[in-house]
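The values are calculated or read from the model by the stated rules, or taken from the named source; none is laboratory data. Quantities reported herein were computed from a predicted structural model and do not represent experimental measurements. Cβ placement follows ideal geometry from the backbone for every residue including glycine, while neighbour counts extend to all protein chains displayed.
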Amino acid sequence: MSCGSPLLTPEQRSNLLQPLIKEKGWKITEGRDAIQKEFKFDDFNEAFGFMTRIALKADKMNHHPEWFNVYNKVDITLSSHDVQGISERDVKLATFIEKCCQKIN
């Protein structure tokens, strides 16, 4: 099933992806076309609340992150599996994730 969101073009990578990397601390994942970031919170409840907000949005988008959680840390990787790389949906979800993080901190 195609998401209707193809891989980012070089222009989109410059315009949409670079602000997340330069200003928000996202990184290109080594060895694959994906973006990743680790978030730290005061405690598990705060981290779990953050994940819950993202899960609700991701489900509505039908675009689910790869993530790992231990206590107050949440590590998130975004990539569009159907196009095997970074698409506009990854940028949209990363932008939403940043907004959720701002509300907590």
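Observations on the model:
- Unmet criterion (only one of (1) out of contact with any Lys or Arg (no Cβ under 8 Å at 6 or more places or on another chain); (2) surrounded by fewer than 18 Cβ atoms within 10 Å (Cβ to Cβ); (3) under 21 Å from SER14 (Cα atoms)) for HIS64: (3)
- Any chance GLU38 is free of Cβ contacts under 8 Å to residues at least 40 places away in the same chain, assigned to a helix (DSSP H, G or I) and not aliphatic (A, V, I, L, M): no
To keep it simple, each residue is scored yes or no on (1) acidic (Asp, Glu); (2) surrounded by 14 or more Cβ atoms within 10 Å (Cβ to Cβ); (3) not in a helix (DSSP H, G or I).
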{"site": "ASP42", "(1), (2), (3)": "yes, no, yes"}
{"site": "GLU46", "(1), (2), (3)": "yes, yes, no"}
{"site": "LYS57", "(1), (2), (3)": "no, yes, no"}
{"site": "LYS60", "(1), (2), (3)": "no, no, no"}
{"site": "ASN69", "(1), (2), (3)": "no, yes, yes"}
{"site": "VAL74", "(1), (2), (3)": "no, yes, yes"}
{"site": "ASP90", "(1), (2), (3)": "yes, yes, no"}
{"site": "LEU93", "(1), (2), (3)": "no, yes, no"}
{"site": "ILE97", "(1), (2), (3)": "no, yes, no"}
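- Cβ-Cβ contacts under 6 Å between residues 6 or more apart (or on different chains), taken from a first residue in the range 1-30 that is charged (D, E, K, R) to a second residue that is at pLDDT 90 or above and in a strand (DSSP E or B), are listed as LYS27/GLN36.
- Conditions (1) touching a Lys or Arg at 6+ places or on another chain (Cβ under 6 Å); (2) at pLDDT below 95: number failed by GLN36: (2)
- Selection within the range 8-32: residues that are part of a loop (DSSP other than H, G, I, E, B) and either under 13 Å from the mean Cα position of the chain (by Cα) or among the hydroxyl-bearing types (Ser, Thr, Tyr) (or both). The member of this set that is farthest from SER80 (Cα to Cα) is GLY25.
- Criterion (within 15 Å of the chain's Cα centre (by Cα) and over 25 Å from GLN12 (Cα atoms)) met by exactly one of LYS73, LYS92, LYS37: LYS73
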